[in-house]
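The values are calculated or read from the model by the stated rules, or taken from the named source; none is laboratory data. Since we're looking at a predicted model, the values are computed, not measured. When we count neighbours, we look across all protein chains shown, and the Cβ atoms used for this are built from the backbone with ideal geometry, even at glycine.
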Amino acid sequence: MTVRSLLSPMKGWRTILAWILLVPLPVEANAVDPSPISAETRVSQREVTVGDIVTYSIIVRHDAGIQVAPPNPTPHFKKGFEYVDQGTAGPLTVKGQQEQTFWFKFRADRVGFYNLPEIPVGFTVPAPDDPSQIIPGTLQAPKAEIIIRSVLFIDEQAEDIKDIKPIIGAGLNWPKYLKRIVAGLAVLLIGAGLYWWFLPRKKSPAAAARIPDIKPHEIALAELDQLLARKLLASGRFREHYFELSEIFRRYLGALWSIPALDWTTEEIHDYLSRHRDTDPELQRTILALLPETDQVKFAKATVALNTAYRHVDSVREFIRITTPKEKPEIQETTPTAA
């Protein structure tokens, strides 16, 4: 065997290796830095039936230093859904960013196709040149779709439902029940006679005791006193305190203007006030300041100082005092005396 015969195979392998080195290999592009803040929309079930619970979530990922305000998609669920509950999860650290989840639970109530629009998410960021200054911004959470189907007709098929047989009548055996019917009628007549005989006679209207008419502002002020007597703030039960304070305030607003304030959202009450210009602007500012602050503690579990919580109670009490209708003085009739 010659040296040339040994080098021939090695020459072929070197040629293949040279081609491998010369062919350009795909190079991974530089990873794009994630956006400082982004939003994602999730729905637990896209297709549900009437009565099912749907969880709608908005997931916000952002850099440190960005403050996110809780979004409010509830107005877009008014038709076809019933509000159940809401809450937050996080923040968690995911790939160097903070991740917050705002979830809302609704009960499917009406059959149909629902195209939920983009939901605005407010946030604030510190200014690059002056971190003490805050710059507000708004982010749009993506759209979502939910289909509600009937529990009776899924996919418009009802092959397992069949017509029932017609009702077959049966005659009553009168002789068998005649004695019982007569005895029952006799007992009823005797009982009616005894009731009429011993029935207490009604007193004249002048002698009847008059039930005092309790005004809405009196009820609200008494409820505020009962709330403070429970000392929920002293025991650290701020969220329970604010739930009851909000109900007292909303119940009084409903009685004051004859509106369902307990069932309306803060945005609906704001729309009502904007349509009724005759409301005192100072009262409007008080309402629009109190309701969002109570919502922050109720739903976003925001923390407040103890003196601030007592100040909110005083604000509600002062609002009730200002809006209490003034009682008209009674005019006593006098008979003219003869000259």
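Observations
Table: residues versus (1) β-branched (V, I, T); (2) at pLDDT below 90; (3) not assigned by TED's automatic domain parsing to the domain that holds E318.
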residue	(1), (2), (3)
A206	no, yes, yes
I211	yes, yes, yes
A222	no, no, no
Q226	no, no, no
A229	no, no, no
R237	no, no, no
E240	no, no, no
E244	no, no, no
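- Every residue from the range 264-295 that is out of contact with any helix residue (DSSP H, G or I) (no Cβ under 9 Å at 6 or more places or on another chain) and either under 20 Å from H76 (Cα atoms) or aliphatic (A, V, I, L, M) (or both): D271
- Filter pass, P166 being modelled with pLDDT under 80, more than 24 Å from R61 (Cα to Cα), assigned to a helix (DSSP H, G or I) and not aromatic (F, W, Y): no
- Qualifying residue in the range 94-107 (condition: over 26 Å from A302 (Cα atoms), surrounded by 14 or more Cβ atoms within 10 Å (Cβ to Cβ), of a type in the set (V, I, T) and in the same structural domain as E145 (by TED's automatic domain parsing)): no
- Identity of the residue in the range 306-339, small (G, A, S) and modelled with pLDDT of 70 or more, that ends up farthest from T286 (Cα to Cα): A309
- When residues of the range 51-86 are limited to those that are loosely packed, with under 13 Cβ neighbours inside 10 Å and not acidic (D, E), the one modelled with the highest pLDDT: V84
- Whichever residue in the range 261-314 is surrounded by fewer than 13 Cβ atoms within 10 Å (Cβ to Cβ) and hydrophobic (A, V, I, L, M, F, W, C) and, among such residues, is nearest to E244 (Cα to Cα): L262
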